[in-house]
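Peer 1: Quick one: this structure, given as structure tokens, is what I'll be asking you about.
What follows draws every value from the coordinates through simple rules; no lab data is involved. Fair warning: this is a prediction, and the values are worked out from it, not measured in the lab. Virtual Cβ from ideal backbone geometry, glycine too; neighbours counted across all protein chains shown.
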Amino acid sequence: MTPYIRIQQAPFDAGSIIEDTGRSTPKTGAVAAFVGRMRDINVGNEIAQMTLEHYPGMTERAIEGICQEASERWDLLDIRVVHRTGTIKPLDTIVLVAVASAHRQNAFLACEFIMDFLKTRAPFWKKETTEDGTEHWVESRTSDDLAAERWHERTSSGLRR
């Protein structure tokens, strides 16, 4: 299985991508998805917009590696990851992770795993602009690191191959 990975500036229709996830095989019994949207507030600051940057080629390879690791942990039939870059406004969809498998537990766990590692391993840089025009780069969060770290301890969680 080759994951469907897209990094793009244009908005996307998360619903249609989720609907297509796993459609290539009748073995699909479950599809789990995460859709991330931009909040209008971060660490107490009202955010007017965010600019997401990435390093083309490197970002896609990092996401492929994350998807490969998920495929090695769980029996998966399809993985789709779409991530926007460029200028994002509050309530805009930023990211979609959709995973298909024969069983729901595999789909749920793999979707969560991929999202946790997108936050910590994928090379994206975020710059927020507040309502008054102040810009600042977003630092990594300890909570994201802890979420990813727990997967190192969960070697037997969920259904396996």
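Peer 1: Mind jotting down a quarter of the surface of the convex hull over the alpha carbons of segment 71-133, in square nanometres, one decimal?
Peer 2: Working: hull surface 21.0 nm².
Its Cα hull, projected and averaged over all orientations, spans 5.3 nm².
Peer 1: To the nearest 10 degrees, how steeply does helix 104-121 sit against the main Cα axis of the chain, on a 0 to 90 scale?
Peer 2: Value to nearest ten degrees: 40.
Peer 1: Turning to a different aspect of this structure: Show that you can apply the helix-only estimate: for the chain, add -39,500 (n - 2.57) for every DSSP H stretch of four or more residues, divide by all residues, and state [θ] at 222 nm to the nearest 500. Intermediate results must be reported in sequence, preceding the final value.
Peer 2: On the way: 4 runs with 53 residues, N = 161.
Mean residue ellipticity, 222 nm, calculated: -10500 deg cm²/dmol.
Peer 1: While we're on this one: Enumerate the residues in segment 1-31 having an amide nitrogen under 18 Å from the point lying 7 Å beyond the Cα of residue 127 toward its Cβ.
Peer 2: 9
Peer 1: Shifting gears a bit: Residues with beta-carbon under 13 Å from that of residue 83, excluding residue 83: net charge, scoring Lys, Arg +1 and Asp, Glu -1?
Peer 2: Around residue 83, the charge tally is +3.
Peer 1: List the residues of segment 34-78 whose backbone N lies under 14 Å from a point placed 7 Å from the Cα of residue 136 along the Cα-to-Cβ direction.
Peer 2: 41-48
Peer 1: I would also like to ask the following. What percentages, rounded to whole numbers, describe P(r) for segment 6-125 computed over all alpha carbon pairs with 5 Å bin width beginning at zero?
Peer 2: That works out to 2, 12, 21, 22, 20, 13, 7, 3, 1, 0, in percent per bin.
Peer 1: I've got another one for you. Which distance in nm do the two modelled labels at residue 19 and residue 68 give, with both placed 7 Å along the Cα-to-Cβ direction?
Peer 2: Label at residue 19, label at residue 68, 3.4 nm between them.
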